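Notes to accompany the following structure.
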Amino acid sequence: MNGSQPATDLTTVLAGDHRELDRLCTELELGQGSPENRKDLSDHLTAELVRHAVAEEPYLDGDGDLAEADSLMRQLEGVGPQETRFERLLGGLIRAVRRHIREEGPAAVRQARQSCSPERLAELGKKVLEIRHAAPTLPHPDLADRVPQVNQLWPGPGFVDRARAALRPPASG
């Protein structure tokens, strides 16, 4: 064993999510593109953040940055890019995501490492990736034409809840 984490290790998956969320925030902070493109990109950020939250929630202590982000994502669901509150809500979401990446996210990764064996981390990471692969997605606006529509999750009212439902593992019973 070389000591490195397998690509499917849960902590590797979560850290990769943090890098992707950071990249999307930077892209939005650059302020480029039409208002409609920014709305599409903010919807993509929402989808990626929900995907990440579903994987990370078991390792977070109660409320935190993701709870604030969840509230902001729900407020953004029905807001058009031309509305004056769109940029204010989006800025709040970006700040909440950045705080999560800096503070709460690394703590969740440490908690997962402390509470799970390497084998369990690999198993959980693989499960998260399998669920994500099977669930509908909201692709980056620049790639939307390359993803079959049947595999896309459409934004709008209820988007956060639909995304969460698509990512939850089936109830075992």
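The values are calculated or read from the model by the stated rules, or taken from the named source; none is laboratory data. As the structure is a prediction and not an experimental result, all values here were calculated from the model. Reconstructed Cβ throughout: ideal geometry from the backbone, glycine too, with neighbour counts over all protein chains shown. Only protein heavy atoms, including side chains, enter the accessible area calculation; ligands, DNA and RNA are left aside. Shrake-Rupley method; radii C 1.70, N 1.55, O 1.52, S 1.80 Å.
Using the Cβ-Cβ distance between Glu29 and Lys127 with R0 set to 41 Å, the FRET efficiency from 1/(1 + (r/R0)^6) comes to roughly 0.80.
Solvent exposure of the range 44-104 amounts to 43 Å² per residue of accessible area, where only protein heavy atoms count and the probe is 1.4 Å. Charging the Cβ of each Asp and Glu at -1 and of each Lys and Arg at +1, and nothing else, the dipole of the range 1-132 about its Cα centre rounds to 200 debye. Projected label points at Arg113 and Arg95, each 7 Å from Cα along the beta carbon direction, are separated by 3.0 nanometres. Out of Val79, Cys116, Pro106, whose Cα points farthest toward the positive end of the dipole of the range 49-122 (charges: +1 Lys, Arg; -1 Asp, Glu; placed on Cβ)? Of the candidates, Pro106 comes out farthest on the positive side.
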